[in-house]
Amino acid sequence: MRELPAFCDIHVHFREPGQTWKETIRTGSMAAARGGYTLVCAMPNLDPVPDCPEHLALEQAAIDKDAVITVLPYCSITRERKGKELVDFKALKGHCVAFSDDGSGVQSEEMMLKAMEAAAREGVILAAHCEDNTLLHGGYIHEGKYCREHGHKGICSQSEWGQIERDLRLCEKTGCRYHVCHISTKESVELIRQAKARGVRVTCETGPHYLVLCDEDLREEGRFKMNPPLRSAEDREALIQGLLDGTIDAIATDHAPHSAEEKSRGLKGSAMGIVGLETAFPVLYTKLVKTGRVPLERVVEALSLAPRRIFGLPEAPKDRVFVDLDTPYIIDSTRFASMGHATPFDGWEVYGRILETRKDGIAVYKAEQDG
């Protein structure tokens, strides 16, 4: 058994308020504890969107009532996440971890510039979902070999990195603190690497699935569909190198549960998003650490320590996770605490089972309770 610092995920979707048939604060936070997490940051694509103190209070009330770990909310960058009108950063900044329109990119350069100027004035972080809608053309998986061979519509890499390139330019101009969500392309890695070298105040994350899968692994099932999509093997390798050299600061799951029906319509018709809190560490340990690609210390840094640093969150020395690194087990999505069960890792044999998660020294999850 190995003891590690408990994990921190700065990108999850807990669906409450507004979509509690997909997930709730309680089930999402239980899934997090089961995955070794004691702190997560919940994205604002909710109903209502937390774009004002009154709407945020609804989400916070659910967190206060039902969370079994620390759940910190995001607020949106724009009203209703529509990209038309900025929220009042000053009124919200003491009550959320950062600001994001995650689920959609801020399409207007003028609006993003205004957002960055305001964020710089108020000393808050913008966490950007970078996606240029004009380049999507109805695509839903990566525009690569699998897409062409199977007659699907593709999403080009530039739809991601083009908006990152724009935002980095604006960030350099305004001095805003800027965080890039779920990067998936080699161009994104290189743009952020160069920006960091110039002193731009940028951080970024990628997801476990982008580090261990590529479009060659796709199947005609909804559990392989997420946004951004699984990219090429070359992109995956660039992400691993970016993790190794520190260009990529953190690993975040983008835990995005949907109902079974919403994920049952194949690659074309299923909703975008997979669950990830209960598989992140074992998948990363098995595919990156045990294979010698990435040291365990670097994975722990990206899962535990760097996410807290990015958002200025306090260290939690009594938050610990205990893992079994030696005994293989099979990922079984039917046993998840999450209400979502769509994962490309279902049925994988992995190492790194979470045995116990402690928050403030008190157990919030024990594997033996699973039976």
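The values are calculated or read from the model by the stated rules, or taken from the named source; none is laboratory data. Being a predicted model, the structure only gives us computed values, none of them experimental. Reconstructed Cβ throughout: ideal geometry from the backbone, glycine too, with neighbour counts over all protein chains shown. Side chains are part of the model used for accessible areas, which takes the heavy atoms of the whole protein and leaves out ligands, DNA and RNA. Shrake-Rupley method; radii C 1.70, N 1.55, O 1.52, S 1.80 Å.
Looking at the chain, the accessible area is 39 square angstrom per residue; that uses a 1.4 Å probe and ignores ligands, DNA and RNA.
Kindly identify the chain as rounded, prolate or oblate by the Cα gyration tensor criterion: order the square roots of the eigenvalues as a ≥ b ≥ c, call it rounded if a/c is under 1.5, otherwise compare a/b with b/c, prolate if a/b is larger, else oblate. The shape class here is rounded. Once the Cβ-Cβ distance of L135 and Q369 is raised to the sixth power relative to R0 = 35 Å, the FRET efficiency obtained is 0.15. Give the shape of the range 282-370 as rounded, prolate or oblate, defined through the alpha-carbon gyration tensor: a ≥ b ≥ c are the square roots of its eigenvalues, a/c under 1.5 means rounded, and otherwise the shape is prolate if a/b is larger than b/c and oblate if not. Cα axes put the range 282-370 in the oblate bin. Here is the short version for the chain: C8, C41, C52, C130, C147, C156, C171, C176, C181, C204, C214 have no other Cys C-beta closer than 4.7 Å. Apolar share of the accessible surface for the chain: 48 percent from carbon plus sulfur atoms, 1.4 Å probe. Rolling a 1.4 Å probe over the protein heavy atoms leaves E85 with an accessible area of roughly 100 Å². Determine the alpha carbon to alpha carbon distance for each of K82/K114; K84/K268; K145/K268; K145/K186; K82/K196 and list only those over 19 Å. Going by Cα-Cα distance, K84/K268; K82/K196 fall outside the 19 Å limit.
Each Lys and Arg adds +1 at its Cβ and each Asp and Glu adds -1 at its Cβ; summed about the Cα centre, the chain shows a dipole of about 380 debye. The string of couplings for the range 145-154 from the Karplus curve (6.51, -1.76, 1.60, θ = phi - 60°) is 4, 4, 4, 5, 6, 10, x, 9, 9, x Hz, one whole number per residue in order, with x for Gly and Pro. Per-residue packing, averaged as other Cβ atoms within 10 Å, sorts the ranges 326-332, 37-43 into the order 37-43, 326-332, beginning with the highest. Classified by the C-alpha gyration tensor, the range 167-230 has a prolate form. Its axis ratio a/c, with a ≥ b ≥ c, is 1.5 or above, and a/b is larger than b/c.
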